[in-house]
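Colleague: Sending over a structure as structure tokens; questions will come in a sec.
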Amino acid sequence: MLDNKIILTNISLVEIETAIKNAVAEIIAQQGNKPHAETGELITREETAQILRVSLPTLNHWTKSGLLQSYKIASRVRYKRAEVMRIFQNGDLKKYGRQSL
């Protein structure tokens, strides 16, 4: 547990910059190694429609029919990139008259 003590040391500005750069680089490297499925990246309706090459009304119909799961964040609708990409892999678009990429 932290002691709520302040310890002052002589650290140069260059040492602080180097420490921060190293910490940020390490975090970025860790995040870059995760595939989209693990990160659960959420994308907008427009991005989802563009990936699936459909209109927004079609995307809405597919969501209501259960082909896609949407996630509401406040008043905004989002989709998980991994779930959108799963549609292509499973060939679920064929029953809707669309060919997967």
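Colleague: Across the stretch 63-81, which residue is surrounded by the most Cβ atoms within 10 Å (Cβ to Cβ) among those that are outside any strand (DSSP E or B) and not charged (D, E, K, R)?
Modeller: Among them, the one singled out is L68.
Colleague: Scan the stretch 19-36 and tell me whether some residue there is of a type in the set (A, V, I, L, M) and at pLDDT 90 or above.
Modeller: No, because not a single residue in the stretch 19-36 is of a type in the set (A, V, I, L, M) and at pLDDT 90 or above.
The values are calculated or read from the model by the stated rules, or taken from the named source; none is laboratory data. Quantities reported herein were computed from a predicted structural model and do not represent experimental measurements. Here Cβ is always computed from backbone atoms with ideal geometry, including for glycine, and neighbour counts include all displayed protein chains.
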